[in-house]
Amino acid sequence: MRSAIRACVTAGLVAMAPPLHAQSTSIAGNVSALVDHLPNVPRLEGVTELRLRAMADAQVDAKPWLRFRFAGVADGLAADRGGAVRDAAADALEAWVEVSGAYGDLRAGMTRLAWGRLDEVPPTDVINPIDVSRYLLDGRSEARIAVPLVRGRLLPHDRITLEGVLVPVFRHGRFDRLDEGTSPFNLFTDLPPPVCVALAGVVCDRWHFERQEPDSGDLQGGGRLSLTTGRADWSVSAWNGFVPFGLLTGPWPAAVPTFRLVHPRYTMVGGDFETVVGEWAIRGEAAYFPKRPVQTENEATAFGGDAVEAGAGVDRRAGDFTLSATLLFRRSHGWIKRPSDGVFRGRLGFTDLYRETIHQSVSVVAGFSRTFNRDRVETRVFSLVNPDDRAAFLRGLVAWKPVDDVAVEAAIGWFIGEGDDVITRFGDRDFGYVRLKYYFGR
């Protein structure tokens with residue numbers, strides 16, 4: 001961990017240093033203030049927040065074969081979450097050095113890498129964990145959390161790319177970077193309060209969580225082969241890593257009621273493609289997860305089940321409009337251990353310890369954007385419909401640029417019902433926000 005941090009800091013300092021030789025340097029960023037309101041968060045009578053953010057991004061092309069980048073973000077929070085809350089946090093978005101040659105490149109440091117091609121819900125996008133609050137408010141690209149990694153790419157031909165990624169330090173997913181325990185986006189706040197026998201000095205009004213992360217020497221890694229054949233781009237990928245969001249196990253006997261959060265290992269094998277037919281871009285993606293650890297529904301246990309996630313989508317640019325639609329299929333199959341109930345079946349009288357569980361669903365993701373007034377005004381709509389669970393999510397945004405470096409945004413997010421997909425499981429987190437953003441250095 002310390003060596004990874006030193007490497008990131010060194011890359012950042014070098015990127016920010018004044019040029020010693022002929023080189024290309026750029027510095028850009030933005031500052032923003034966002035006020036949001038969530039009227040119906042479970043167990044809270046409305047939440048209002050002020051979220052402040054400052055981001056700076058420095059890039060240095062020191063040599064034709066040597067590049068540095070450092071991007072960092074600082075966040076602040078003042079909120080009413082059933083009580084006054086104040087918090088601040090800072091993190092690196094990018095902090096790396098990259099060397100390149102005629103037949104490949106090598107990057108080391110903190111970074112975000114996107115695999116897959118589907119909008120917002122790509123099954124093979126597994127390298128970076130996400131921040132849920134940013135995912136729901138702004139989308140997946142803004143939600144990825146940087147991880148320390150080494151990436152090497154071989155480019156033996158302009159139509160072939162072989163990529164290998166190694167992540168030496170685990171970082172878990174977050175419901176919110178800012179005071180996660182009280183965040184309205186934290187699903188753990190939906191848990192019913194614990195039932196405790198009153199003991200002197202023991203606080204039993206809420207659950208406590210003990211995170212058990214992978215050991216420091218445990219590695220994550222994978223590879224991706226990308227090819228271009230004819231008019232189609234496609235790739236195959238494989239990954240072995242740890243579940244980014246902790247699975248609940250317990251409760252465990254302790255001085256206070258405690259759940260343990262575990263991050264078991266899993267494997268992904270996937271593929272994706274993209275091609276253009278006339279005015280339409282067509283994309284497809286699929287991933288297979290053998291024995292992937294999954295949270296048991298309504299229980300503080302986990303089990304392993306084979307899972308498949310696959311989807312296909314289309315995009316089209318028509319004048320000022322950009323249209324997109326994706327159909328996503330998910331299926332999981334596993335065996336859940338039963339509580340000991342003394343049931344015996346079969347000629348040999350073995351105890352029936354497991355029950356089979358099969359779940360599958362189809363979701364539809366659609367969206368569009370349009371610009372007006374010479375790109376001064378933009379509208380964007382994103383939606384996900386899960387008909388099996390009778391659940392849906394709709395996010396609409398209007399952005400206005402009164403001048404080139406200032407943007408004013410207003411958005412709403414509306415949930416209908418509650419499902420079990422990556423988005424509608426956050427049902428009852430309806431929100432609205434207004435944001436003022438100032439850009440510099442562009």
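The values are calculated or read from the model by the stated rules, or taken from the named source; none is laboratory data. Note that the structure is a prediction, hence the values are computed from the model and not measured. A quick note on method: Cβ atoms are made from the backbone with ideal geometry, for glycine too, and the neighbour counts reach across all protein chains shown. Surface areas here come from the heavy atoms of the whole protein model, side chains and all, with no ligands, DNA or RNA. Shrake-Rupley method; radii C 1.70, N 1.55, O 1.52, S 1.80 Å.
Largest accessible area first, the residues MET268, MET55 order themselves as MET55, MET268 under a 1.4 Å probe with ligands, DNA and RNA left out. Annotation: LYS63 carries an accessible surface of approximately 80 Å², with a 1.4 Å probe and no ligand, DNA or RNA atoms counted. Of all aspartates and glutamates in the structure, those lying under 17 Å Cα to Cα from LYS291, and not within fewer than 8 positions of it along the same chain, are ASP306, GLU309, GLU356. If you fit an axis through the alpha-carbon atoms of helix 2-16 and take the longest principal axis of the Cα set of the chain, what angle between them do you get, 0 to 90°, nearest 10? For helix 2-16, the angle is close to 30 degrees.
The relative contact order of the chain, computed from alpha carbon pairs under 8 Å that lie at least 6 residues apart in sequence, is 12 percent.
Within the listed set PRO148, PRO156, PRO290, the Gaussian network model of the chain (springs between alpha-carbon atoms below 10 Å) gives the highest mean-square fluctuation for PRO156. The residue among GLN295, THR267, SER24 whose Cα reaches farthest toward the positive pole of the charge dipole of the chain, with charges on the beta-carbon of Lys, Arg, Asp and Glu, is SER24.
Just the number, please: carbon plus sulfur as a percent of the accessible area of the chain, 1.4 Å probe, no ligands or DNA/RNA counted.
Result for the chain: 59 percent of the exposed heavy-atom area is carbon or sulfur.
Helix content alone sets the calculated 222 nm mean residue ellipticity of the chain: runs of n ≥ 4 DSSP H residues at -39500 (n - 2.57) each, divided across all residues, give -1500 deg cm²/dmol.
What percent does the relative contact order of the range 114-245 come to when contacts are Cα pairs within less than 8 Å and at least six residues apart?
Working: 197 pairs, mean separation 30.5, N = 132.
Relative CO of the range 114-245 lands at 23 percent.
Shown here for the range 33-76: trypsin sites (Lys or Arg not before Pro) in loop regions (DSSP other than H, G, I, E, B) with at most 16 other Cβ atoms within 10 Å, namely ARG43.
Within the listed set GLY230, GLY417, GLY101, the Gaussian network model of the chain (springs between alpha-carbon atoms below 10 Å) gives the highest mean-square fluctuation for GLY230.
Accessible area per residue for the chain in Å², computed with a 1.4 Å probe and the full protein assembly in place, what is it?
Numbers: 22860 Å² over 442 residues.
Accessible surface, normalised per residue, equals 52 Å².
What fraction of the DSSP beta bridges in the chain is antiparallel, stated in percent and rounded to the nearest 5?
Beta bridges within the chain, antiparallel portion: roughly 95 percent.
Overall, the chain carries a charge dipole of about 760 debye about its Cα centre when +1 sits on the Cβ of Lys and Arg and -1 on the Cβ of Asp and Glu, all other atoms neutral. Taking only the Cα atoms of the chain, the ratio Rg/Rh comes out at 0.97, with Rh defined as the Kirkwood radius. Taking every DSSP bridge with both residues inside the range 91-217, close to 95 percent are antiparallel. By a 1.4 Å probe calculation restricted to protein chains, ARG117 has an accessible surface near 50 Å², given to the nearest 10. Within a straight-line Cα-Cα reach of under 13 Å, LYS401 can be paired with the following aspartates and glutamates, leaving aside sequence neighbours fewer than 8 residues apart in one chain: ASP375, GLU378, GLU409. Relative contact order, whole percent, for the range 385-442 stands at 34, derived from Cα pairs under 8 Å and 6 or more residues apart.
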